Structures are given as structure tokens and as C-alpha cells.
């Protein structure tokens, strides 16, 4: 790989310096690993496919996904569907766990205590642009700053009639089409529904089952991973994954379709 030298500071660098892939070895196997990311392989399966150690496979996964966390739509327009989803807090892989061991798994997801839930907000417009973000708690105070600059004022937001969304609509002045939970409404007037964002969440949950649990500290990487392959309708090329991983900063994703 060609190296360059700065005439001012006299330091040398190459095209990967300052990128997430800097100082990684075995460059000849990166494209094969990008194919594994496209297929959603587990760490061990990807390691076997590329002929590397599982620890190397783990390190590569999160280096390749580092840039993907910044690739989000800057705005959502038209009819925007909003829904929340929570994951159980997980310390998978940690050597020191700051809690007592769990004797048995929770019988149902709803039984997970509030302090053990990690809330994620999902927004999706009818053009299939998706946005997700992890929030510290499910409240208007935490949700409003995230989506305030994301949704245009002439949009229509669709959600369930939860106080968080109702209050956000009042404060932001954005029209709100609500679905009444008590009446189990799925579609209101043929326009107001959240089927697109709920389908996206369902596909995400099914896709994540293959990993048998995701550590909370890496959850954002997995959300970004799925958002990236969903953006291309699961037909993203390994070359595109590799190009995105090597970029220095944010860029126009449409240029690399």
C-alpha cells in the first residue's frame, strides 16, 4: 500500500490512516468478510469463512460497522411513522457483571423490569427512509431532541396514542394521526397506520435472533448494520460495504449505490 509523507510534520501515512480499518491486517480477506456481513453471518461462521481467528472476526465486525452508525437520513418528510421498541439490557461478553446472576429467564418480554430495558425509537417515512436511536428513557424529554430536527413541520406523524407522542405533537406543532390502543386500531381512515415501521421492527428482531443475544454496548452497531442492508433491500454489494467502512467522514450514500 502506497505511503505518503507530509512535508510539514514529516509524518508518513497511507489511504487508510484515520479510518476505522487503519492498522488492520490481512487486507486480502476484507472483501470476503464484507460478504459475510452482507449475509449476516455469526462471528464464528465469518471467521471460518475467512480463515481467521474468532477474535479477529469480532474486531473486524465492529471496525467495519463503525461508519455505519453515522449513516442516517438527515430528514424525514410526508407521512412519518413512529414506534418504540425495547431490548433487554445485556452484558454479554463482560467479565465483571454488576448484578446478581439470573436464575431463570423472564417468562415473557413484558416482565422485564423497567431499569433493565433499553428503549429505541424508530421513525420511518413512506419512502422507506429509516431512522433509529437509543434513548436513556422513554419520555418526551428524551425523544423530542432526537427527532425535532429530523421531521419537517409540514409532515404528518403516525403513532399510537401514547402520551409521549401526543405531547411531542403539541410542543412541536406537527399534525398527529393517532391509533387508539384501547380499541386495537391498526388503520385509521386508510392513511394513519404504523405498519411500515412495525414491519421494519419485526424484520429486525427476526434478523437479530441468529446472534443469540447482543451486548447493550454494541447494540447501536447492530441497529446500523441492519439499517444499512435494509436500505439496499438486502441486495447491498460487498464492495459497497467495504467502501463505506473505509471512508474518513460522512458522505452522500446515494453516490455509492
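What is the number of the single condition among (1) modelled with pLDDT under 90; (2) in a helix (DSSP H, G or I) that residue 239 does not meet?
Result: residue 239 fails condition (1) only.
Filter region 33-62 for residues that are over 20 Å from residue 231 (Cβ atoms) and either in a loop (DSSP other than H, G, I, E, B) or touching a residue at least 40 places away in the same chain (Cβ under 8 Å) (or both) and give the result.
42, 51, 52, 53
Tell me the residue from 18, 93, 28 that is within 30 Å of residue 137 (Cβ to Cβ) and surrounded by fewer than 18 Cβ atoms within 10 Å (Cβ to Cβ), please.
93
Give me a count of the residues in region 65-84 that are assigned to a helix (DSSP H, G or I) and either surrounded by fewer than 17 Cβ atoms within 10 Å (Cβ to Cβ) or modelled with pLDDT of 95 or more (or both).
2
Output yes when any residue across region 181-188 is under 23 Å from the mean Cα position of the chain (by Cα), free of Cβ contacts under 8 Å to residues at least 24 places away in the same chain, in a loop (DSSP other than H, G, I, E, B) and more than 21 Å from residue 71 (Cα to Cα), and no when none is.
No.
Only one of these conditions is not met by residue 50: (1) surrounded by fewer than 18 Cβ atoms within 10 Å (Cβ to Cβ); (2) more than 23 Å from residue 70 (Cα to Cα). Which number is it?
All conditions are met except number (1).
Mind telling me which of the residues 227, 250 ends up being modelled with pLDDT under 90 and either assigned to a strand (DSSP E or B) or in contact with a helix residue (DSSP H, G or I) (Cβ under 8 Å, 6 or more places away or on another chain) (or both)?
250
Could you tell me how many of the residues in region 124-134 are surrounded by fewer than 17 Cβ atoms within 10 Å (Cβ to Cβ) and either on the phi < 0 side of the Ramachandran plot or not in a loop (DSSP other than H, G, I, E, B) (or both)?
Summing the residues that are surrounded by fewer than 17 Cβ atoms within 10 Å (Cβ to Cβ) and either on the phi < 0 side of the Ramachandran plot or not in a loop (DSSP other than H, G, I, E, B) (or both) in region 124-134 gives 3.
Would you mention how many residues in region 182-212 are closer than 22 Å to residue 89 by Cα and buried (at least 16 other Cβ atoms within 10 Å of the Cβ)?
Of the residues in region 182-212, 6 are closer than 22 Å to residue 89 by Cα and buried (at least 16 other Cβ atoms within 10 Å of the Cβ).
Does region 109-123 include one or more residues that are in a loop (DSSP other than H, G, I, E, B), modelled with pLDDT under 90 and surrounded by fewer than 17 Cβ atoms within 10 Å (Cβ to Cβ)?
For region 109-123, residues in a loop (DSSP other than H, G, I, E, B), modelled with pLDDT under 90 and surrounded by fewer than 17 Cβ atoms within 10 Å (Cβ to Cβ): present.
Go through (1) under 30 Å from residue 22 (Cβ atoms); (2) more than 15 Å from the chain's Cα centre (by Cα); (3) not in a helix (DSSP H, G or I) one by one and return the number of the condition residue 210 breaks.
(3)
Give all pairs with beta carbons closer than 8 Å in which a residue from region 124-150 that is within 15 Å of residue 167 (Cα to Cα) meets a residue that is part of a loop (DSSP other than H, G, I, E, B); count only pairs at least 6 apart in sequence or on separate chains.
So the pair list comes out as 142/136.
Of all the residues that make up region 217-233, how many are without any contact (Cβ under 8 Å) to a residue 40 or more places away in the chain and over 8 Å from the mean Cα position of the chain (by Cα)?
So the answer is 3.
Is it true that residue 133 is within 30 Å of residue 58 (Cβ to Cβ) and at pLDDT 80 or above?
yes
Evaluate the following for residue 151: is it within 21 Å of residue 202 (Cβ to Cβ) and either crowded, with 16+ Cβ neighbours inside 10 Å or modelled with pLDDT of 80 or more (or both)?
Judged against the criteria, residue 151 is not a match.
Give the residue, chosen from 146, 179, that is surrounded by 17 or more Cβ atoms within 10 Å (Cβ to Cβ) and in contact with a strand residue (DSSP E or B) (Cβ under 9 Å, 6 or more places away or on another chain).
Residue meeting the stated conditions: 179.
Among the candidates 93, 28, which residue alone is more than 19 Å from the chain's Cα centre (by Cα), farther than 25 Å from residue 121 by Cα and in the same structural domain as residue 129 (by TED's automatic domain parsing)?
The match here is 93.
The values are calculated or read from the model by the stated rules, or taken from the named source; none is laboratory data. Quick caveat, the model's predicted, so the values are computed rather than measured. Virtual Cβ from ideal backbone geometry, glycine too; neighbours counted across all protein chains shown.
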